[in-house]
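Contents: one structure, followed by commentary.
Please treat every number below as a calculation from the coordinates, not as lab data. The model shown is predicted, which means the values in this text are computed figures rather than measured ones. Glycine also receives a Cβ, built like all others from the backbone with ideal geometry; neighbour counts cover every protein chain displayed.
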Amino acid sequence: MAGPASANRASPPPVASATDVTKVFIRGSEPGRIGRLLGRSAPPTVTAVDDVSIEIETGEIVGLSGPSGSGKSTLLHLLAGLEVPTEGTVRFQGRDVASLSNRQRTRLRLEHVGIVFQHFHLLESLSARANVALPLVELGVGRRTRRQRAETLLERVGLGDRTGHRPGELSGGEQQRVAIARALVTDPTLVVADEPTGELDTDTGRRVLEEFERATDDRAIVLASHDEETLAISDRVVKLHDGRVVDDPRPDEKGVVDHRSGERTVAEFHE
Amino acid sequence: MSIRTRLTRIVGFLSVGVRRTVARATATDRQRVQFTVLGVAATIALLVVVTGIGVGLATGTTVYDDDVDYWIVPETDGERSLLVATDQPQFGSVHETNDRIRSYEGVDVTSPVLAEVLRIERDDRSEFVLVVGVVNAPGLESVAGVSTDALSHDDPHYANGTYDGEWTGEVVLSSGAAGLLDAERGDEIAIEGEERFAVHDVDEGSSAGGNVPVAVVQLSELQTLTGASEHDQADQFVVGTTTPAVRDDLEGVYPTSEVLTRGELTATQVADSDLSLALALTALVVAISIGTLFVLTTTGLEIVADRNQLATMSTLGITTRSQLTLTGVQTVIVTAIGGLVGSVGGLGVIRVVNEIATRTVTTEPIAVSHYLFVVYGTVVALAVGMLSLPYVMLLTRHVTGGVPE
């Protein structure tokens, strides 16, 4: 299932790419004029992602691994357009995400990105069906079609008989499957999942991963996880550490896997 | 995006907003939503109660102080009018009964009342006027809105049932009757052809219903004119008292009678409509102010607590505008429900207030209760919701976005 990481100029651009991306978060707020007069120093910063480059192609499942604080979630958020980089460029289907307005990025996520969280983040007061159908409401899809599409997807993830249940009435595994159905309902080109099995037991986690494997047609999936079994469904696993890519096994245009690292050149790697 | 798509989206979010609110109120967030609803409801209930009392004052049905009035009327199936009851059963031996009622402890004043629509002539004018016969006594003050001050006390012509006492011929005209007959004090008039009547007073401040022309005369003289002297008949009794307990005695006066309360006969008009309007307006302003502040506080807390869900929506691609629609719908629904609950509750409180009032200080309700108050309260609650919207939306815009934790 490995996707072609082609450098051919005629081929379509990757679904998403990050080039020399750095993301720095500021802890607290910048001092204002009075604060500066009073000698308040600038708040501390945290570099969550440091000079990272990665490409995600259609049809591939890319795993992001690394210890806590390695920048997996931040990289996911950058690729999904939830954050903009401090430095470098994140492109989505060739478009520079940083050049888009907030509203345009929201629209981009609506139409092209599906997001699955570790803690599911379903809307508690809505049924499974209404949760799945919510993005379609924003798209202006009619009620009947929304309902039909949501039920089809819930059926597909094995929850055909739980469509009217609210999240509080579902198990963790069921909630995660609802979240997957929600992520797929707009037929996105990229699905990002942050620790999708982190809250689930082994069996349930395995079923959830099967859903991801089934969902790869014409789209790319990026999974961030600590869990090796979760990452095992990936076509490649990009390893991060302290915000930097330390390993990204990807085939070059000749079909040879090119282990890149933020720290090392290709030549250095082969030496 | 086409208009149709936009409309579908708006309707969709309205629907989601309604479902979300209902689910939160009944299942997922009951306490918080119920707290907001109850807060609005309490404010609106207060508004309804104060407005009910204000309207009660304005319509003049309220008996204030300790003045209490009763009307004893024959028991009938149909509707009865306190003024015109010519085709109704009548009471007999009313002068004797009047003396008996007057002897009851707590009774300040009492009079039988006979009302007939009769032709009155003055010079070449001839008009039909409601002629009301009474037994005047100190404290009666007015009957049918016309002052009885100018009438001699104790109905002299009756003379212990002989009807040969002094014929006073005293007539007090309401301003409406005086206008119709072009009569003034001292003019001689004829009632049903009987010419021994003279206008003793024209009550310019009379408050007879609308412009109904009313002439108040001695009861026995009216009985003589109408033939009601045969059994000493009258239509009703009016009783002024300071003791609600008198009602039990009054109910035993005639076996087939009803004792009704009326405030308009002798009750002191301590409140005028301006005060009532001021009271109702104050209640409205207070309800809107307090209600809005309450909704701002509770909804604000709710939105802050809900920010993770708002952030989730943002990540899914739900625009801030759509989220504003959702929170706006939720706010308006919650306040509307609060308004409805408060209005209905307010009507309940009015019942309780009236019950307590009639058991203690008055004989009739002090506050008006009307189903339109439900509409009024709900509309005011909706206004509260609408007034809260700008802040609610500002706050939503402020807290939404980012990545859910």
Just tell me how shielded A:126-134 is by partners: mean number of partner chain Cβ atoms within 10 Å of each residue's Cβ, no decimals. 3
Rank A:VAL245, A:VAL46, A:VAL97 by mean-square fluctuation in a GNM of chain A with C-alpha springs under 10 angstrom and give only the top-ranked residue. A:VAL46
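Quick one: putting +1 on the C-beta of Lys and Arg, -1 on the C-beta of Asp and Glu, what dipole do you get for chain B around its Cα centre, in Debye to the nearest 20? Walk me through the numbers before you get to the answer.
On the way: 23 positive and 51 negative charges, 1145 e Å.
Dipole size: approximately 5500 debye.
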Can you tell me the dipole magnitude for chain A around its Cα centre, using point charges on the Cβ only (Lys, Arg +1; Asp, Glu -1), in Debye to the nearest 20? 1460
I'd like the mean, over residues of A:77-83, of how many other protein chain beta carbons sit within 10 Å of each residue's own Cβ. 2
So B:SER152 and B:ARG125, fully extended at 0.36 nm per residue minus their Cα-Cα distance, gain in nm 7.0 nm
Grab the beta carbon distance between A:SER171 and B:LEU281, set R0 = 41 Å, and tell me the FRET efficiency rounded to 0.05. 0.15
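Hey, how much of the P(r) for segment B:337-402 falls beyond 18 Å, as a percent of Cα pairs? Can you show the working numbers first?
Values: 1194 of 2145 pairs.
Pairs farther apart than 18 Å: 56 percent.
Which order do the peptides B:20-30, B:185-195 take when ranked by the mean count of other beta-carbon atoms within 10 Å per residue, highest first?
Details: B:20-30: 17.7, B:185-195: 14.9.
Packing proxy ranking, top to bottom: B:20-30, B:185-195.
Could you calculate, for segment B:287-352, the ratio of the Cα radius of gyration to the Kirkwood radius, expressed as Rg to Rh?
Details: Rg = 15.5 Å, Rh = 13.6 Å.
With Rg and the Kirkwood Rh in hand, the quotient comes to 1.14.
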Residue by residue through segment B:236-248, the couplings from Karplus 6.51 cos²θ - 1.76 cosθ + 1.60 with θ = phi - 60°, in Hz, x for Gly and Pro, are 8, 10, 10, 10, x, 8, 10, 10, x, 5, 4, 3, 4
Once phi for every residue in segment B:390-405 is put through the Karplus expression 6.51 cos²θ - 1.76 cosθ + 1.60 (θ = phi - 60°), the whole-Hz ³J(HN,Hα) values, with Gly and Pro written as x, are x, 5, 4, 6, 4, 5, 4, 4, 6, 8, 6, x, x, 10, x, 7
Final fewest-first order of A:GLU195, B:GLU184 on the 10 Å Cβ neighbour count is B:GLU184, A:GLU195
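Is the protein assembly as shown best put as rounded, prolate or oblate by its Cα gyration tensor, with a ≥ b ≥ c the root eigenvalues, rounded for a/c under 1.5, and otherwise prolate when a/b is larger than b/c, oblate when not? Please list the in-between numbers first.
On the way: a/c = 4.48, a/b = 3.97, b/c = 1.13.
Prolate, because a/c is 1.5 or more and a/b exceeds b/c.
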For all pairs of alpha-carbon atoms in chain B, what percent lies in each bin of width 10 Å, listed from the first bin to the last filled one? 5, 18, 20, 15, 11, 10, 9, 7, 3, 1, 0
Seen from all sides and averaged, what is the projected area of the convex hull of the Cα atoms in chain A, in nm²? 17.4
1/(1 + (r/R0)^6) with r = Cβ-Cβ of B:SER93 and B:GLU188, R0 = 30 Å, i.e. FRET efficiency to nearest 0.05, evaluates to 0.40
How long, wide and thick is segment B:68-261, going by the Cα atoms along their three principal axes, in whole angstroms, largest first? 49, 36, 32
Near the amide H of A:ARG244, under 5 Å away, which other amide H atoms are found, from residues 5 or more places off or on another chain, if H is placed in the peptide plane? A:ASP50
Starting with the fewest neighbours, write out B:HIS95, B:HIS370 ranked by other beta-carbon atoms found within 10 Å of each beta-carbon. B:HIS370, B:HIS95
Take A:ALA232 and B:THR256, extend 7 Å from each Cα along the Cα→Cβ direction, and tell me the distance between the two endpoints in nm. 9.9
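Using a 10 Å cut-off on Cβ to Cβ distances, tally the other chain neighbours for every residue of B:8-16 and report the average as a whole number.
Numbers: counts 9, 6, 2, 4, 11, 3, 1, 3, 7.
Averaged over the peptide's residues, the number is 5.
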With only Lys, Arg, Asp and Glu charged, each at its Cβ (+1 for the first two, -1 for the last two), find how big the charge dipole of the protein assembly as shown is about the Cα centre; round to the nearest 20 debye. 6560
Cα→Cβ-extended label distance, 7 Å offset, between B:HIS370 and B:ARG19, nm: 4.1
Residue of A:ASP227, A:ASP50, A:ASP201 that the Gaussian network model of chain A assigns the largest fluctuation, springs spanning Cα pairs under 10 Å: A:ASP201
Label-point separation, B:GLU204 to A:THR86 (7 Å along Cα→Cβ), nm: 9.0
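For the protein assembly as shown, what proportion of DSSP beta bridges, expressed in % and rounded to the nearest 5, is antiparallel? It would help to have the intermediate numbers written out before the result.
Numbers: 59 of 86 bridges.
Of all bridge pairs located within the protein assembly as shown, approximately 70 percent are antiparallel.
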Long-range amide H partners of B:THR110, meaning residues 5 or more apart or on another chain whose placed amide H is closer than 5 Å, are B:GLY240
Ordering A:58-70, B:161-173 by per-residue average of other C-beta atoms within 10 angstrom, highest first, gives A:58-70, B:161-173
Say R0 is 35 Å: what FRET efficiency, to the nearest 0.05, do B:ASP164 and B:VAL117 get from their beta-carbon distance? 0.80
